[in-house]
Amino acid sequence: MKQLQQILKWSTLLFFAITIFALTIGQIIPIEFADWRDMHFFYDIIWYGLPLAIIMTLGWTLKKNRLRKSNIKITVITIFISIFMVFGSFFLMFVYGFGAWMNEEIIYRNINKSEVTINQQRWDIGAFGYGDQRIVKLTPILGIYNWVSETDTSKIDNNEWILVKQQSRKP
């Protein structure tokens, strides 16, 4: 039983660490999911899992050696925070959950590494239409992520890149 509590405790703390990283530093670094479906799945796990993880902290914050009144306060506060996170997650969903960069066209492909491309992308906001547009160099990482760097196509070295002008497949 003690081992199970420790596993749940460290799993919850790891989940919090991943969530905090994804919603802060993860928004700044130039690594993005290669497929928008993977991105939405990842953020869905965060939105639905965060209130559950907060409630799971009760398992290792409540102590028998504390006063009953203290344990009740901790329980009420934890449940209140969890309910707040459910509503907060709904509003955060509009910030992180909707929209993804969609490839419109593969403009260039690297001659030496054919998986590295320069793409034209648009920010797809679903029913709300399209937002911004950008031209980026996409370098795959582990097949699920892309290293993204904005690129000026007027400064392309034609010895490294081949012009393809290929329309991207729509999912």
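Would you pick out the residues in the stretch 98-122 that are of a type in the set (Asp, Glu) and either more than 26 Å from Gln27 (Cβ to Cβ) or without any contact (Cβ under 8 Å) to a residue 60 or more places away in the chain (or both)?
The one that is of a type in the set (Asp, Glu) and either more than 26 Å from Gln27 (Cβ to Cβ) or without any contact (Cβ under 8 Å) to a residue 60 or more places away in the chain (or both): Glu115.
Elements of the type helices (runs of 4 or more DSSP H) sitting completely within the stretch 1-82 and holding at least 2 residues that are exposed (fewer than 11 other Cβ atoms within 10 Å of the Cβ): these cover 2-23. Cβ-Cβ contacts under 8 Å between residues 6 or more apart (or on different chains), taken from a first residue in the stretch 57-68 that is within 16 Å of Gln3 (Cα to Cα) to a second residue that is surrounded by fewer than 14 Cβ atoms within 10 Å (Cβ to Cβ), are listed as Gly59/Gln5; Trp60/Gln5.
Readers should treat all values here as calculations from the given coordinates under stated rules, not as data from a laboratory. Since the model is a prediction, treat every value here as computed from it, not as a measurement. With ideal geometry, Cβ positions are generated from the backbone for all residues, glycine too; neighbour counts draw on all protein chains shown.
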